[in-house]
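Reviewing the structure listed below.
Taken together, the values in this text are just the output of simple stated rules run on the coordinates, not laboratory data. Computed from a prediction, not measured in an experiment: that's the story for all the values here. When we count neighbours, we look across all protein chains shown, and the Cβ atoms used for this are built from the backbone with ideal geometry, even at glycine.
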Amino acid sequence: MKNLLLFFALIIISSVFAQNDEAFVDSLVAQKMAELEMQENPEYFYRKDYCDGNIQIFVMPDGSHCASKSTYYAVYVFWKDGEDRMKVQKFDNCGSFMPIPIGISKNIKKALKEKQELKTEDVKPYKGEKVDNNAFGNMSVQSCHKTYKFVFEGSAFEKSFKEFDLTNDSKYKNVNAEYNNSLALIKLDEDISEMIKHFEENGKFFREN
């Protein structure tokens with residue numbers, strides 16, 4: 001049985017020809033951001049998602065396989081494409097996806113108007129209302145992160161947070177949860193997350209390569 005399992009493992013490993021890291025994803029995104037800058041697009045941004053240690057394997061359009069190296073990174077680049085229209089393009093460890101045209105929802109439009117709030121407000125770290133060395137008990141916490149980079153009229157800034165900072169999943173209440181979830185950045189993130197979930201579940205993202 002062990003030999004059989006080893007045989008199948010070797011087959012899987014040998015079929016994976018690409019293992020790209022964060023630097024590969026960042027290079028694709030940097031190229032896209034440079035393209036938008038050259039086009040003098042007045043408003044664009046991206047969101048990078050990753051969970052430490054999360055590895056994913058994909059079958060590519062040509063039938064080959066690709067795996068993330070160490071951690072899987074997904075980046076979604078958004079840019080204006082008219083008064084009430086935007087486009088979103090996904091990038092990950094295995095390449096780029098085709099851009100998708102989307103309408104700008106009222107919530108996204110409102111959040112993007114709050115540029116000063118997006119720039120100055122920060123998500124506060126998880127803080128239990130009491131101090132307890134065993135505050136997390138037997139809970140398993142997955143370290144998932146989101147990073148945003150906004151470019152408004154040539155001015156760029158970044159914001160990052162852990163998804164755990166928005167929750168109350170510990171033994172004691174997170175005293176910063178209510179504040180964090182009221183921020184313009186998190187309101188924007190909620191709409192984007194809902195949109196991405198819809199696209200993923202309905203197979204709207206198609207690889208370019």
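Can you check what the net charge comes to around Val75, using other residues whose Cβ is under 12 Å from the Cβ of Val75 (Lys, Arg +1; Asp, Glu -1)? Once positives and negatives cancel, what remains is +2. A cut-off under 15 angstrom between Cβ atoms defines the neighbours of Gly95, and their net charge, with Lys, Arg +1 and Asp, Glu -1, is -2.
Note on region 54-209: Rg/Rh from Cα positions, Kirkwood definition for Rh, rounded to two decimals, is 1.01. Checked against a 27 Å cut-off, the cross-linked pairs Lys48/Lys171; Lys69/Lys113; Lys171/Lys197; Lys171/Lys204; Lys124/Lys197; Lys113/Lys162 give Cα-Cα distances beyond that limit for Lys48/Lys171; Lys69/Lys113; Lys171/Lys197; Lys171/Lys204. Gln116 sits among other residues whose Cβ lies under 15 Å from its own Cβ, and their net charge, with Lys and Arg +1 and Asp and Glu -1, is 0.
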